[in-house]
Structure formats: structure tokens, C-alpha cells
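Participant: One structure, as C-alpha cells, below. Some questions next.
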Amino acid sequence: MGSSVETRVESARLAPKDRNAGLCVRMFGPLAIVRDGSPLKLPASRKVRALLAYLALAAGPVDRGRLCELLWDAPDDPRGELRWHLSKLRRVLDEPHRRRVVTLADTIAVRLDDCEVDAIIAASAAEKDIATLAPDRLRALEALFAGGFLDGLEIDRSPNFNAWLTAQRRRFRACHVAVLERLVGALSADEAAAAPYLEKWLELSPFDRRAHALLLKALFAGGKVNECERHLAATALLFQSEGLDFGPVRAVWRGLKARPAHAPRYAEAIVSIPPAMPDLQQPDGLATRRASIAVMPFSEGADGGFGYGLTDDVITRLAKLRCLFVIARGSVFTLARRGASPEEAGRQLNVDYVASGAVRRRSGRVVVSVELVEARTDAIVWADVFDVKPDDTFDVLDRIVDSIVSSISAEVERVERNRAVLKAPNSLNAWEAYHRGLWHMYRFTKAENERARRYFQMAVRLDRTFAPGHSGLSFTHWQSAFQHWGDDREEAELANQTAAESLLVDDHDPGAHWAMGRALWLRGRQDDALRELETTVEISPNFALGHYTLGFVRSQSGDAKAAIGSLDLSRNLSPFDPLLFAMLASRALAHARLHQYEEAAEWAVKAATRPNAHNIVLATAAHCLALAGRFEEGRAFAAAVRRTAPNYTAADLLASYRFNPDGVALFQQVARQVWL
């Protein structure tokens, strides 16, 4: 919407009658529209109002067919109905100088970029800037939540819209809770000012243990011991009625009573609360090593358990990756049966991430929508929709689960890398040091590789039982040997030793077998490397790097056609992988060995233009272009290599790979045309 969140929050704080200008849309409470200070009379039709709300919050233009499915069960003429409702909407929104209801081809959009829309302001603030807002801005933002999202707008016989409405209400309820939590913290020095917001927080999240702990500490700091006891007794009964663990809240109260008689001030009490209550299901040591995730059961209509089966498989396959602490199936299904939203489940289970989704069938297709939320901020870090034709239900389930699991794993790793790089190095635990190492390693330069090695060494020093730390170390030694940044033989031996350490720590970690497979390849033991890499993908079929490395090894001296299959699978599993350039370059090698030179050149150019592609990839592109007869383009890539490595030749490239004799001869035949 152009302006900053703080500006929009401040401007939204003013009532329309005070501003007396522009168009304001209010979605918290019953839907209302105010123009120039005067409320507009809305059409009686609920579907017109539903259409406005849906289009206003849509990320872009919406297909007419989607809107028909959303709002009409089985009308005789859904598009005619839609046109009629749009005409009603135009009468409300359009102005002489501005058409707000816009149609383009077969899509429809509502343009409200110059308007104040409370739901958009709240969502934008919660996702981006809430942590930076001052108390007065937070108060203004909290004041937007004048009621539930679109109160009273459920529509009979429109299950798709009602499902969307329910999801949005969960989303904005979580947003409201996040604002209240931040506001309580910001007002911690003023008990009277913070109390109303704390009460609202508890009203919205009655099972949030952190909110109960804050209230107990606030009451205790004010000397209200009897009120503490009464609240504790009532809350214990509430938790017991739902079968939830009340122990952590009781532990807070016992800790308070054990303090000296001079109780701390309210502000000190608030500050002393840890960021999250201890989770009894997660061992203390594990919390420093792996991020945690809860996968909530995927909601569905009358689709016969497809969603529950999908959830089960996602949980199982995420657990096989070994990179996350995955909450067991029983816990999440129990919370779901009690009606807990994903946001509430995240708070109760004290996890870092929550994945949730929905399954529906339409026009003979299965549509699965998924989102991954960072529980601490309630921010959506990834969302996607999978739309497939169910020719074979089990095959469809497998394909969707593969995509979901790989995407979740990649997004969590990205978030954790970016978070770790912002922390002071001496404050990192093993998990964070490992992800800081990944951040440096994926730059693929000699200096960054050395920095990555130091962080992986830190991770291993902090926790010798942390297998990914050893695997990360192996990768840095592998890079040094592959890129000829050190003594190749020595680095290959170190890559093997550290991979072996990783396997000794956790023989079920696919990353450990992956590291060993790469180390064996460095030492010229291709058959052993392939067996190790096949074990990697048997343990975890969703481990994209395992499939990539199978393709990498086969592209040089194995089955080139099989290599292409493995490489395509790795890219499908992880389309934005930091090693995407290597996946593309390996496919180029496979095409070159199959004498498909134009294809090899195209894939090699794609690889070389990736932002983190290194000299070996650029040199590969030079040779593949030359094989396709595109010598000038090939020499341009060779020149780019020599700008950073003046003495680089074809011999250096061939020393990095493990081609069979035919592959060596193939690349040597164009070397003179490339390296002038």
C-alpha cells in the first residue's frame, strides 16, 4: 500500500469522522465501509460482502472460476450470478475518477491500495514490523481489532468460502494475540496499563501458558497473593478439563513463592520470563540442536481421510530427515480434536514452526494448500498450493508429500541460516553455529569456505553428538579438494574422517551417508560412493541433495540417463536449493556424454548464470558451449574464469571431475578452442 506500517497504523487510529477523507474498509466486526466520514449502505446480499472481503485480501487478480467455486454450490449460471454480484459491488466501491473493481481477461481484482483496510494493515504489521513499533503504535494497532474477522458473514451452502473464512479468523486471532503479547512486554513497567491487554490475551488464548505465567508474576509483584491462588486453582481445572499439562504454570508459581519476601517489581518479573515455557515433550539438550515443528492434521471436507493420511506421511518423512525435532503424531492429533488452531498448538507445544493445510477436491482434482508458520512471530514463512489429477491416489499422495516435506525442510533451513548470521558468534549454540556455517559455505569461495569450517568446528566442539556438524565439516574439506584450494589428498582424507564421525554419531542421518558418499567419490571409489548415496535416499526419499549427488556421480562416468532422472528429482524436491547451480551443471555433463550438445550447452549456461556458481561451473559451460559449436560464447566463460584464476586450463577442470576415458576425450577435443 506504499506507506510504512507505522504511518498506516497511525492513520488507521484516527476515526473516519476525524479524517473525513477517503475510503475506509473495516473487516474486524461486521463488514463496514466509510467514505469521507460517512458510512455506506452495503448490499443486503452476504455474497456481495464476501466477494469484497475475499478480493480485498487476495494477493492478486482472482480467476472467475475460482470465485464461482468459492461462493456458489451448484447454481444454474454461476458466471451470471458472479456478474450480478460484481455490479452490486461496483455501485459501492467505484468512484467517478477511479474504478476499483477491475476485470482483466478472465480475472477480477479489487484495487484498494489508496484506502485504509484494517485487516491489511494488521496483517502487514504482524508479518513485518510489529517488533519495531512503539507502545502508542501498538495500541493503535490493537484498537483495529474491534471484533472478530467478518462477524456474522458465514454463508449457507458455500463450504469453500466458510473454510477460507475460518482460516482467516484463525490467522487474525493469532495476529491479535501477537500484538497483545508485544504490547504487554512494551508496557511491562506499568502494571495498570498492561493489565487490560494481558486479560485480552488470556481471553483469546486461554491455554497459553506464557500468558498465565505473566499474569501470576504481575499479581505477585503487586502483592496480590490470594488472587494468584484463585487464578491458579481456576486455571488448573481449565487445563485438566482439556487434558493439558498444567505443570509448567504451577512451576512458575512455586518459583515465585520461593523468592525472598521483597518481590521484584512488575517490570523485573516480566523480563525474567524466558521466551517460551519449557516443553516437557522435548529433552532440554535437543532444543539447542534442532528446530522443532508440529504438523497439524490437514483439514478436509468429505474426502475420506485423505488429509489425515497426508499428515501422517509428512510427519514420518520429516522425522526421517533428522534435521528437525518433529512432534509426535499423537500430540498434534489430540490437540486438533480439541479444536486447537495451528497457532494455539504452536504455543502449547512450544515449537519453533507449525505446518498446517487443507485438502479439497474440485472438478476431479485434488487441491492441497499448505502453510508454514514461525510460531514465535506467527509469520507465514512459506505457503503453496498443490493441484493434481488423482490418476492414482497413492501416487498423488506420494508426490504431494515429497513436495511438502522438501519445501518445509528447505524453508526452515533458510530461516535458521538467516537468523544465525545475525547473532553474535560467541552466543551461538551448536544448532546455530551449524547454520551460520551453512550461510558461509553456500557462498562457494575459498575465504567463505574457511569461515564455514570454523563455525562447523564450533558446532562440533559445543556438541560432539551433533551429526550435522561433522557432515558440514566434511563438506568444507570436500570443497577444498574439489576446488583445489588445498592439498587434494589431505583434504579428501579429512572429508572421509569427518564423514565417518558423522556416521558414528547417527547412522540414520541421511546427511551423514551423503557426506560419506561424496568423500568416497573423492577417493575414486565410485561404486562404494553410489552404494552410500543410494542408502541416503533409501533412508529419506525426500533428501534432495542425496538425489543430486547420485546424479552428479553418474553424470561423469555412470549411467547418464539415470543421472538426468536423479537430477530432475532433486530439482523438483528443492527448486530453490543453494546447490541448484550444481544440479544444472551436472545435467549438462550428462547431456554432453549422451552427445546431446545443444541441450548440454543450454543447461550449462543456466548453471553458470546462477549467482553462486564457481569457476568449475563456468569452465563446464565453456566446454559444453564449444561442444555445441558456440565457441565465442564458450571463450567468454573461459575468460570469466581466468579473471580470478589466470592460469586455469582444461586440465584443472578434468582434475576436478571423475570422467571415464570417453568423457575425458570428449572434453579434451574442444579444449584448444576454449582456452586460447
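Values in this text are rule-based calculations from the coordinates and carry no lab data. Because the structure is predicted, anything quoted here is derived from the model rather than measured. Glycine also receives a Cβ, built like all others from the backbone with ideal geometry; neighbour counts cover every protein chain displayed.
Participant: Please report the relative contact order for the range 423-541, taking Cα pairs under 8 Å with a sequence separation of at least 6, and give it as a percent rounded to a whole number.
Facilitator: Once divided by the residue count of the range 423-541, the mean separation gives 19 percent.
Participant: Now for a different question. Going Cα to Cα from LYS47, which lysines come in below 26 Å? Please leave out same-chain ones fewer than 8 positions away.
Facilitator: LYS88
Participant: Then there is this: Long-range amide H contacts for VAL117: which residues qualify at under 5 Å (H placed 1.01 Å from N, peptide plane, sequence gap of 5 or more or a different chain)?
Facilitator: The list, which skips near neighbours in sequence, is VAL25.
Participant: Would you work out if the range 446-493 is rounded, prolate or oblate? Take a ≥ b ≥ c from the square roots of the eigenvalues of the alpha-carbon gyration tensor; rounded if a/c is under 1.5, else prolate when a/b is larger than b/c, oblate otherwise.
Facilitator: Prolate, since a/c reaches 1.5 and a/b exceeds b/c.
Participant: What residue among HIS477, PHE298, ALA375 has its Cα farthest toward the positive end of the dipole of the chain, where the charges are +1 on Lys, Arg and -1 on Asp, Glu, each on the Cβ?
Facilitator: Selected residue: ALA375.
Participant: Could you tell me the distance between the Cα centroids of the range 365-436 and the range 452-492, to the nearest Å?
Facilitator: The distance from the Cα centre of the range 365-436 to that of the range 452-492 comes to 25 Å.
Participant: Using the Karplus curve 6.51 cos²θ - 1.76 cosθ + 1.60 with θ = phi - 60°, what ³J(HN,Hα) values do you get for each residue of the range 85-91, in whole Hz, with x for Gly and Pro?
Facilitator: My calculation for the range 85-91 gives 5, 5, 5, 5, 5, 4, 4 Hz in order.
Participant: Another one. Please list, ordered by chain and number, the residues whose modelled amide H lies under 5 Å from the amide H of TRP382; skip anything fewer than 5 residues away on the same chain.
Facilitator: It is LEU372, by chain and number.
Participant: Quote the charge dipole size of the chain about the Cα centre in Debye, to the nearest 20; the model charges only the Cβ of Lys and Arg (+1) and of Asp and Glu (-1).
Facilitator: On the way: 87 positive and 85 negative charges, 283 e Å.
Value, rounded to 20: 1360 debye.
Participant: Right, another one. So what is the relative contact order of the chain, in percent, for Cα pairs below 8 Å that sit 6 or more residues apart? All intermediate terms of the calculation are to be shown ahead of the outcome.
Facilitator: Values: 1023 pairs, mean separation 45.2, N = 676.
Normalised by residue count, the contact order of the chain is 7 percent.
Participant: Determine which aspartates and glutamates satisfy two conditions relative to LYS389: a Cα distance under 19 Å, and not lying fewer than 8 residues away in the same chain.
Facilitator: Qualifying aspartates and glutamates at Cα under 19 Å: GLU69, GLU300, ASP303, ASP398, ASP402.
Participant: Can you tell me how the range 580-676 classifies by the Cα gyration tensor, rounded, prolate or oblate, using a/c under 1.5 as the rounded cut?
Facilitator: Cα axes put the range 580-676 in the rounded bin.
Participant: Another one. Ordered by residue, what ³J(HN,Hα) values in Hz, to whole numbers, does the range 422-439 give under the Karplus form 6.51 cos²θ - 1.76 cosθ + 1.60, where θ = phi - 60° and Gly and Pro are x?
Facilitator: Rounded to whole hertz, the list is 8, 8, 5, x, 6, 9, 7, 8, 4, 4, 5, 4, 4, 6, 5, x, 4, 4.
Participant: A further question on this structure: Which order results if TRP485, TRP514 are arranged by neighbouring Cβ count within 10 Å, fewest first?
Facilitator: TRP485, TRP514
Participant: Go through the range 498-511 residue by residue and turn each phi into a ³J(HN,Hα) via Karplus (6.51, -1.76, 1.60, θ = phi - 60°); whole Hz please, and just put x for glycine and proline.
Facilitator: 6, 5, 4, 4, 4, 5, 5, 6, 8, 6, 9, 8, x, x
Participant: Under a 5 Å amide H to amide H cut-off, with H placed in plane at 1.01 Å, what residues pair with VAL295 once short-range neighbours are removed?
Facilitator: ILE327, ALA355
Participant: What lysines does LYS224 reach when the alpha-carbon gap must be under 21 Å and sequence neighbours fewer than 8 apart in one chain are set aside?
Facilitator: Partners within reach: LYS200, LYS257.
Participant: With just the Cα atoms of the chain, tell me how far they stretch along each of the three principal axes, in Å, largest first.
Facilitator: 79, 72, 48
Participant: Taking N as the number of residues in the range 423-541, what is its Cα Rg relative to 2.2 N^0.38 Å?
Facilitator: Scaled against compact globular proteins, the figure is 1.01.
Participant: While we're looking at this one, here's another question. Relative contact order for the range 513-667: what percent, with Cα pairs under 8 Å and sequence separation of 6 or more? Mind showing how you got there, number by number?
Facilitator: On the way: 227 pairs, mean separation 24.7, N = 155.
About 16 percent, as a whole number.
Participant: Pick out, from SER557, VAL505, LEU545, the residue whose Cα sits farthest towards the positive end of the charge dipole of the range 498-601, with +1 on the Cβ of Lys and Arg and -1 on the Cβ of Asp and Glu.
Facilitator: The one lying farthest along the dipole's positive direction is SER557.
Participant: I would also like to ask the following. In whole Å, what is the distance between the alpha-carbon centres of the range 498-514 and the range 524-600?
Facilitator: Going from one Cα centre to the other spans 20 Å.
Participant: Please give the net charge around ALA636, taking every other residue with its beta carbon less than 15 angstrom from that of ALA636, where Lys and Arg add +1 and Asp and Glu add -1.
Facilitator: +2
Participant: Also, I was wondering about something else. Are there any chymotrypsin sites (Phe, Trp or Tyr not before Pro) in the range 413-459 that are in a DSSP loop and have at most 10 other Cβ atoms within 10 Å? List them by number.
Facilitator: none
Participant: Charges at C-beta only: +1 for Lys and Arg, -1 for Asp and Glu. How large is the resulting dipole of the range 438-530 about its Cα centre, in Debye rounded to 20?
Facilitator: Once rounded to the nearest 20, the dipole reads 340 debye.
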